[in-house]
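*Asks:* Structure incoming, see below.
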Amino acid sequence: MTDRTLRDIYRPTHDEASRHRFVGALKGFANGALEAQLAEHYESALKPAFAATHGGRAPANRAEARPLFEAAPLYQRWGSMVSTSQDFMWQTVGATCRRIQADFERRARQVSAQPRGSLRLDPSLVPPPPIAQVDIHRQPGGYFGAERDDDLFAGLIYFGTLELYRAAKGLTANAPVGEPGIGRFIVSVVRRRFPGLQPRRILDLGCGPGLETVALKEAFPEAEVHGVDLSAPFVRFAHAWAEDRGLEMHFRQADAQRTGYPDGHFDLIVSHILFHETWHDVAPRIFAEARRLLAPGGVFLNADVPYQPARMPIPKQVTNDWQVRNNGEPFWTGFADTDVPAALRAAGFAAEEVIAEYEPLGGGHYYFFGGRRGAAANGKVAA
C-alpha cells in the first residue's frame, strides 16, 4: 500500500494554490469590504430616500428594502462579484480535484479494502425534492452527482472548497489538510454545556464528507461514532477519510428524517450547517427523529448560521436574500425565519429541554439549538 495518505495527495500545485488564494481573496473582499460599503450606502442614501416617501420611516423588512438595493449600481456590482467569485471557486478547485482524483480514489480503495469501520449505502434512496432539484452552493453536479459507483468527486470538490476557505482565513499555514476546526468548536461547546456527558454512541446528521465528524471521534475515542448523509459520494468520501486516518467510524447513506437506527440509540446527536441547507418544512421531522433516537439524558445539539432577522440589519437581510435567489442557498431564509424553539417543542421536546442560544466564534457567532431528552437543557436528567 502506498504511504501517501489522502492528506498527502490533496496538494495543489504552486499555480493552483495561487489561483485558490486569489479566489479566496476575491470572495473575502466581496463578502467583507464591499458588502460593508453596501451597508453604508443603505444608511447614507437608500434608507433616507425610502423615508422621504414613507412618512419618515425606514424599511420594515427585506421585502420593502430589496427594490431599493436592486436599483443601486453598488448592489449590482456586489452581486456580480459574488456570483463570479463563486464560479471561479468551482473552476479553480475543480481543476485541482480532477488532477488528483484518480490517485485519491486509488488510495481510498486501498484503505477501505479491510475497513476498521463501516459504510452502508442505499441505492434505493432517492433524495427528496426540492433537495434533489438544487445544486447547493451552485456546486457543479450538486451533492449527488456520480459517474461511477466509487466516484468521490462530489465529496472531493466540496472538501477542496473547505480548504480554500480555510486558506483564505489563514488557518492552513501550520495545520494539516482537512483539520476539523468547526467540529472541535462544537465539541468544546458540548463539553462546556454538558460536562458530565460521556456518550457511548454519537450521530452526526448531515455529516457531508465527514471532516467534522472526525472531531467527535477524537474527543470521545471510546464512543461509537456514526455519520449519515443523503449523498452517496459524501459518505463514501467520509468513510475513506476516516479509514485513512486509522479511525473506526460508521457512515450511512440515509435521510435524516428516517435514519433507520433504533429508538434511544444515541447519547449525543449533532449537526453542522445542516438546517439552513434543508427546507424549513422538513426541520420539525428531523427534530422528531432526533428525539426518538436520543437515550434518556441524551443531547441533541446543532450549530448553524446566526441569520435570524431579529439579529440582522436590513442590508444583511437583503444580501442573504440575494444568496437565496442567485447563489445556491435556496433554504437559507426559510431556516432564518423559522421559530426554532417552537419547532423543537412541536417535535416533542419539552420547553425545559430546549436549547436555542448563540455562541461566539472569532468575530461572529454560531446559532446552537436542540434539546436534552428528559432533562433541563443545562441540568440533570429528570427522575
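The values are calculated or read from the model by the stated rules, or taken from the named source; none is laboratory data. In this text, all values refer to a predicted model and were calculated from it rather than measured experimentally. Cβ: placed from backbone, ideal geometry, glycine included. Neighbour counts: every protein chain shown.
*Asks:* Determine which member of the set PHE194, PHE251, PHE234 is under 28 Å from TYR10 (Cβ atoms), crowded, with 18+ Cβ neighbours inside 10 Å and in contact with a strand residue (DSSP E or B) (Cβ under 8 Å, 6 or more places away or on another chain).
*Replies:* Working: PHE194 fails: under 28 Å from TYR10 (Cβ atoms); PHE234 fails: in contact with a strand residue (DSSP E or B) (Cβ under 8 Å, 6 or more places away or on another chain).
Step by step, each of PHE194, PHE251, PHE234 is checked, and only PHE251 is under 28 Å from TYR10 (Cβ atoms), crowded, with 18+ Cβ neighbours inside 10 Å and in contact with a strand residue (DSSP E or B) (Cβ under 8 Å, 6 or more places away or on another chain).
*Asks:* Ok, one more. Within segment 158-200, can you find the residues that are polar (S, T, N, Q), over 20 Å from the mean Cα position of the chain (by Cα) and either at pLDDT 95 or above or in a helix (DSSP H, G or I) (or both)? Please lay out each step first, then the result.
*Replies:* Within segment 158-200, the subset polar (S, T, N, Q) is 161, 172, 174, 188, 198.
Still in the list and also over 20 Å from the mean Cα position of the chain (by Cα): 174, 198.
Once the filter is applied, which keeps residues that are polar (S, T, N, Q), over 20 Å from the mean Cα position of the chain (by Cα) and either at pLDDT 95 or above or in a helix (DSSP H, G or I) (or both), segment 158-200 yields only GLN198.
*Asks:* Now for a different question. Residue by residue through segment 173-184, note down the ones that are surrounded by fewer than 18 Cβ atoms within 10 Å (Cβ to Cβ) and over 17 Å from THR5 (Cα atoms).
*Replies:* ALA173, ASN174, GLY181, ILE182, ARG184
*Asks:* Sticking with this structure for a sec: Could you grab the pairs with beta carbons closer than 8 Å, sequence gap of 6+ or different chains, first residue in segment 146-163 and under 16 Å from ILE136 (Cβ atoms), second one modelled with pLDDT under 95 and among the aliphatic types (A, V, I, L, M)?
*Replies:* PHE153/ALA146; ALA154/ALA146
*Asks:* Which residue is farthest from ASP135 (Cα to Cα), if the candidates are limited to segment 330-346 and must be surrounded by 16 or more Cβ atoms within 10 Å (Cβ to Cβ) and at pLDDT 95 or above?
*Replies:* Residue satisfying both the conditions and the ranking: ARG345.
*Asks:* Name every residue in segment 312-321 that is of a type in the set (A, V, I, L, M, F, W, C) and surrounded by fewer than 20 Cβ atoms within 10 Å (Cβ to Cβ), in order of residue number.
*Replies:* We begin by selecting, within segment 312-321, every residue of a type in the set (A, V, I, L, M, F, W, C); these are 312, 314, 318.
The answer is MET312, and nothing else.
*Asks:* Mind checking which helices (runs of 4 or more DSSP H) fall wholly inside segment 1-68 and carry at least 1 residues that are within 30 Å of ALA175 (Cα to Cα) and out of contact with any strand residue (DSSP E or B) (no Cβ under 6 Å at 6 or more places or on another chain)?
*Replies:* Details: elements: 6-9, 14-29, 35-41, 47-52.
Once the helices (runs of 4 or more DSSP H) in segment 1-68 are filtered for at least 1 residues that are within 30 Å of ALA175 (Cα to Cα) and out of contact with any strand residue (DSSP E or B) (no Cβ under 6 Å at 6 or more places or on another chain), what remains is 6-9, 14-29, 35-41.
*Asks:* Look at LEU294 and say whether it is crowded, with 18+ Cβ neighbours inside 10 Å, farther than 20 Å from PHE331 by Cβ, touching a residue at least 24 places away in the same chain (Cβ under 8 Å) and in contact with a helix residue (DSSP H, G or I) (Cβ under 8 Å, 6 or more places away or on another chain).
*Replies:* Values: crowded, with 18+ Cβ neighbours inside 10 Å: yes; farther than 20 Å from PHE331 by Cβ: yes; touching a residue at least 24 places away in the same chain (Cβ under 8 Å): yes; in contact with a helix residue (DSSP H, G or I) (Cβ under 8 Å, 6 or more places away or on another chain): no.
Here the answer is no, as LEU294 does not meet what is asked.
*Asks:* Do we have SER85 as of a type in the set (Gly, Ala, Ser), surrounded by 18 or more Cβ atoms within 10 Å (Cβ to Cβ) and touching a Lys or Arg at 6+ places or on another chain (Cβ under 6 Å) here?
*Replies:* yes
*Asks:* Ok, one more. Applying the selection to segment 201-250, what residues are part of a helix (DSSP H, G or I) and basic (Lys, Arg)? Step through it out loud before you land on a result.
*Replies:* Here is the first cut: in segment 201-250, the ones part of a helix (DSSP H, G or I) are 211-219, 232-244.
Answer for segment 201-250, where residues must be part of a helix (DSSP H, G or I) and basic (Lys, Arg): LYS217, ARG236.
*Asks:* A follow-up question, please. Of the residues PHE144, PHE104, which is surrounded by 15 or more Cβ atoms within 10 Å (Cβ to Cβ) and in contact with a Ser or Thr (Cβ under 7 Å, 6 or more places away or on another chain)? Even if it seems obvious, please write down each step before you answer.
*Replies:* Details: PHE104 fails: in contact with a Ser or Thr (Cβ under 7 Å, 6 or more places away or on another chain).
That would be PHE144, the only listed residue that is surrounded by 15 or more Cβ atoms within 10 Å (Cβ to Cβ) and in contact with a Ser or Thr (Cβ under 7 Å, 6 or more places away or on another chain).
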